[in-house]
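Worksheet: the structure to be examined is printed underneath.
The values are calculated or read from the model by the stated rules, or taken from the named source; none is laboratory data. Keep in mind it's a predicted model, so treat the numbers as computed, not measured. Surface accessibility is based on the protein's heavy atoms, side chains included, excluding ligands, DNA and RNA. Shrake-Rupley method; radii C 1.70, N 1.55, O 1.52, S 1.80 Å.
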Amino acid sequence: MLSAMIGLMSCSGIPTTNSVNVSIFGAIPNDGLDDTAAIEAALTYVAQHPGTLLQFSPGTYRSEERRVGK
């Protein structure tokens, strides 16, 4: 299990055209539930939309380790 404290971050000097918050993908801080799938979905979205900044509201997000393959 991996717990992380993540707050809103300023990304000065990085050109962005849009921003999304992980909460719209279902990641809710401080609820004690696994946010891995929601964070992965948010990362996939950002990867597919160059210039998009991914934001995390302040709090603790739970993320379980994912292994691909063996």
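A few points about this structure:
- Where LEU33, LEU54 fall by accessible area, highest first, once all protein chains stay in place (1.4 Å): LEU33, LEU54
- Taking all protein chains as they are arranged and a probe of 1.4 Å, the heavy atoms of VAL46 leave approximately 30 Å² accessible to solvent.
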